[in-house]
Amino acid sequence: MSVRRFFFRKRSDEDLRREIEEHIELERYLNLERGLNEKEASRHALIKFGSRQRVREDIWRMNSVTFFEKLLRDLSYAVRTLVRSPGFTILAVITLALGIGANTAIFTVINGVLLRPLPYSNPSEIVHLEQTATRVGPDRIGFSVQEVQDYRQQSRSFSDLAEYHTMTFTLLGAKVPERVVTGVVSANYFNVLGVKPVLGRLINQSDETMSAPPVLMLSYAYWVKEFGADPKILGRPFTMNDRVHIVVGVLPPLPEFPDANDVYMPTTSCPFRSSQGMIANRDARVLTVLGRLKPGVTLTEVQADLNTIGNRLALSYPKSYPPAAGLAMKITPLQQELTHTARSTLLMLLGAAGLVLLLACANLANLALSRQLRRSRETAIRLAAGATTWDIFRQLMVESITVALAGGVLGLGIAMATVRVLVAYAARMTPLATDIHLDGHVLLFGFAIALITGVLFGSIPGFIASRSRLSLLAGSGERTAGSEGGTRTRAILVATQVAFSFVLLVGAGLMMRSLYNLLSVDPGFKTAEVLSMNLPLNWTRYSDLKTQNTFFQQILGRAQQIPGAQSIALSSMVPLNGTGEGMNEGIAIEGRAVVPGEPLPQVDRQLSTPDYFRVLGIPMLSGRTFTEADTTDSVKVTIVNAQMAQHYWPHLDPIGRRISTDEGKTWTTVVGVVSSVHQYGISQDFKDVAYFPQAQVTFMGDPSLLIRTRNEPTQLANQVSTIIHQIDPQQPVTDIRTLDQLRNAQLGTPRVTSILLGTFAGVALFITIVGVTGTLGLSVTRRTKEIGIRIALGATRREILLNVLRHGMAPVATGIVGGAIAAALSTSVLSSMLFGVNPHDGVTPVAIAILLIIVALIGCLIPGRRAVRIDPMKALRSE
């Protein structure tokens with residue numbers, strides 16, 4: 001029987017059509033007898049019985065009624081059948097609910113991050129410009145003010161270019177002094193993005209003049225959180241940097257890109273960006289640049305345009321663009337910039353969840369097939385009584401789709417309950433996670449995947465059952481045509497389940513090993529019982545070294561008196577703070593000539609007070625630490641880490657060597673070497689670091705206070721904050737966290753990824769073992785008489801057990817081989833997520849193969865033991 005006939009054969013349509021055509025032909029004949037010509041006779045016949053189109057519509061209408069009547073009858077029968085098998089129904093619904101729920105929850109995140117359009121006008125035209133010095137390091141170096149002006153004037157690919165950088169300032173005028181993350185933007189910034197305010201107006205060109213009064217725009221989140229979405233916020237004055245700023249507008253909800261800013265100001269309101277020194281310095285590359293492409297311009301054309309401008313600037317300003325630095329330009333579409341970190345991880349998780357769902361389908365198909373084979377006598381009788389193969393197939397498909405839709409409803413509930421956890425997980429990787437929610441697309445996805453799942457696990461048993469033929473009606477009915485085909489199909493399904501499980505288990509095993517390696521990394525300092533807090537300075541009050549030193553000494557002296565405080569220090573950086581970058585600068589090393597055109601050696605520059613290394617427990621390898629005697633009146637000193645010492649003085653004692661941060665104008669003496677620490681991330685390599693005493697160098701960032709305590713660190717937070725506010729009531733204290741919390745935050749993403757993959761793999765392993773055990777158990781049941789005869793003829797129980805194990809382990813071995821091949825081809829997608837583990841590592845697949853063999857053997861022993869206990873006489877009497 002062809003596929004078309006199998007699916008579309010109808011019983012009464014042809015008879016109906018033939019009857020109508022006979023009536024039309026009879027009427028046409030009578031019209032001819034009445035003397036009408038051929039044309040008139042046909043026309044009058046069609047008028048009487050309707051046009052052929054109406055005939056077809058009538059046929060379709062009658063068929064539709066028949067189809068829906070059959071569908072309702074099948075649905076009613078399916079519900080009664082499923083209620084009579086509560087064990088199978090509950091297991092099937094729960095299994096599908098877990099698979100559909102996991103896929104729907106992950107799709108909800110993917111829909112919000114990768115599929116939903118960005119909240120900008122024509123977002124495909126917006127690009128992010130990057131400038132890197134490839135021979136100096138992989139980090140972006142940004143753009144200077146002069147470079148932004150050059151690219152605006154010379155580029156032919158952009159309709160506009162906007163600049164951005166972020167600062168933290170103290171905002172006065174709210175309930176309490178507050179540090180606000182401030183986006184410093186050019187007047188055209190929001191026009192390039194294509195956004196409109198929900199309240200007030202945007203920053204415009206008239207605001208970006210030195211004589212214009214300072215203005216602020218509030219982010220939507222900050223407006224709601226701090227001011228309760230009060231529309232009267234417009235025109236309200238706030239003091240920042242000793243200047244009064246007026247709120248002129250509120251932005252709509254937007255992704256936190258490039259940063260999670262609270263407020264925005266024009267470039268002329270920022271004391272750093274508007275300084276003549278920064279404007280004139282072509283090498284002060286701190287700006288981020290966004291551009292909007294002209295219509296029809298391709299990325300290839302834009303890249304060529306930028307390269308041309310870059311080459312032109314290198315010829316005009318050779319000092320700022322040395323060939324040895326490897327300065328390069330790159331453009332990235334905004335959508336890709338916002339999602340590149342999360343894309344591979346989310347798609348990998350969706351693939352893992354999809355494998356679990358396919359595994360569940362294979363297992364349920366096996367269960368449904370086993371269940372149908374037990375109903376083979378019923379099916380054979382129905383066929384003998386006149387039911388068509390389509391009737392049998394349709395009935396079983398209705399049953400499976402009914403189960404799948406019930407699982408889909410429960411799965412949507414699971415997705416709603418778990419999506420919040422996944423949103424928090426995605427927020428670690430992309431700023432688009434704030435707008436993730438279940439919408440119509442997600443509901444449609446859940447319904448579609450439930451429907452597809454029902455078709456997948458119902459089609460195989462439905463097809464086999466529809467081809468059954470009655471063999472024995474008087475006997476037990478165990479043997480029907482198609483049972484051998486069903487046995488082969490069950491073995492194939494078992495092998496498929498094992499292969500899917502193998503891939504998932506290998507992926508989970510690699511991620512678990514990677515997480516273990518991360519947990520085993522020594523960060524180079526002690527994280528236990530250390531409290532950190534950020535002190536964003538008001539730069540109009542603490543702009544010079546003298547006032548900073550006075551303020552810091554008051555804090556350190558009074559906080560040291562708090563009971564429970566062991567040691568206290570200030571630093572320009574908090575280890576593992578998640579920023580991923582520090583203050584990088586070039587240095588000159590005494591005794592080494594500076595090669596013209598060659599970039600200076602790059603090191604991370606950090607400031608700290610004398611007890612910094614003691615607070616963190618960083619070992620001194622040689623020399624001394626900073627002391628109170630290291631002041632502005634003493635010799636300038638520095639401490640380098642072991643990485644820097646090995647890099648620049650590999651066979652020499654670095655103590656007493658000198659470096660310069662101002663091209664040799666002043667020299668700083670190395671007085672100590674400390675152990676290297678993982679400053680920016682546990683998985684990141686050590687960097688060359690030079691520490692400078694805070695008393696000798698002015699802070700240009702926000703200092704952090706570090707306190708080693710005798711007890712729980714957070715218990716001291718309120719006391720320290722009170723002391724700081726007593727010294728300066730307008731000083732904000734933010735980001736109060738322990739170093740243990742910072743370390744756990746670093747491990748959050750790989751830990752959750754490992755847990756999710758491990759959960760999927762555990763579910764897959766459970767489903768597989770249930771499938772192997774159930775399939776083999778049914779096989780033993782169907783072979784009861786055969787095994788009884790074998791025992792009666794002299795087969796030993798050991799031979800019977802080995803025979804059962806051979807039948808059970810054969811598809812398992814096939815599945816392991818197939819899974820190993822699939823894992824070898826697919827684990828490369830995990831390479832960017834692994835730490836210290838090769839994605840093609842051979843140990844993990846071997847261990848997983850051994851695990852599956854052991855677990856499968858245990859699963860096979862259960863029906864195997866039942867087989868060896870079969871009584872031959874009872875088995876033969878059952879015939």
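The values are calculated or read from the model by the stated rules, or taken from the named source; none is laboratory data. Quick caveat, the model's predicted, so the values are computed rather than measured. Virtual Cβ from ideal backbone geometry, glycine too; neighbours counted across all protein chains shown. We work out accessible area using only protein heavy atoms, side chains counted, and drop any ligands, DNA or RNA first. Shrake-Rupley method; radii C 1.70, N 1.55, O 1.52, S 1.80 Å.
Numerical summary
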read-out: Segment 168-255 - percent of accessible surface contributed by carbon and sulfur, probe 1.4 Å; value: 58
read-out: Fraction of beta bridges assigned by DSSP in segment 137-324 that are antiparallel (%, nearest 5); value: 75
read-out: The chain: angle of helix 13-33 to the longest principal axis, Cα-based, in degrees nearest 10; value: 60
read-out: Cβ charges +1 (Lys, Arg) and -1 (Asp, Glu), total dipole of segment 505-582, debye; value: 140
read-out: Segment 137-324, relative contact order in percent, only Cα pairs under 8 angstrom and at least six apart counted; value: 33
read-out: Simple Cβ-charge dipole of segment 536-732, Lys/Arg +1 and Asp/Glu -1, about Cα centre, in debye nearest 20; value: 400
read-out: Contact order normalised by residue count of segment 536-732, Cα under 8 Å, 6+ apart, percent; value: 33
read-out: Reciprocal of mean inverse Cα separation for segment 137-324 (Kirkwood radius, Å); value: 17.8
read-out: Neighbour-limited loop hits for trypsin sites (Lys or Arg not before Pro), segment 170-224 (at most 12 other Cβ within 10 Å; DSSP other than H, G, I, E, B); value: Lys175
read-out: In Å², nearest 10: area of Val176 left accessible to a 1.4 Å probe; value: 90
read-out: 1.4 Å probe accessible area per residue over segment 137-324, in Å²; value: 45
read-out: Whole-number accessible area per residue in Å² for segment 536-732, which is evaluated in the context of all protein chains at 1.4 Å; value: 44
read-out: Accessible surface of segment 536-732, 1.4 Å probe, proportion on carbon and sulfur as whole %; value: 50
read-out: Correct choice for Cα Rg over 2.2 N^0.38 Å that was computed from the model, options [x] 1.29; [y] 1.17; [z] 1.38; value: [x]
read-out: The chain, relative contact order [Cα under 8 Å, separation at least 6], %; value: 15
read-out: Exposure ranking of Arg490, Arg43 by accessible area [1.4 Å probe, largest first]; value: Arg43, Arg490
read-out: Fully extended contour minus Cα-Cα distance, from Lys196 to Gln336, at 0.36 nm per residue; value: 48.1 nm
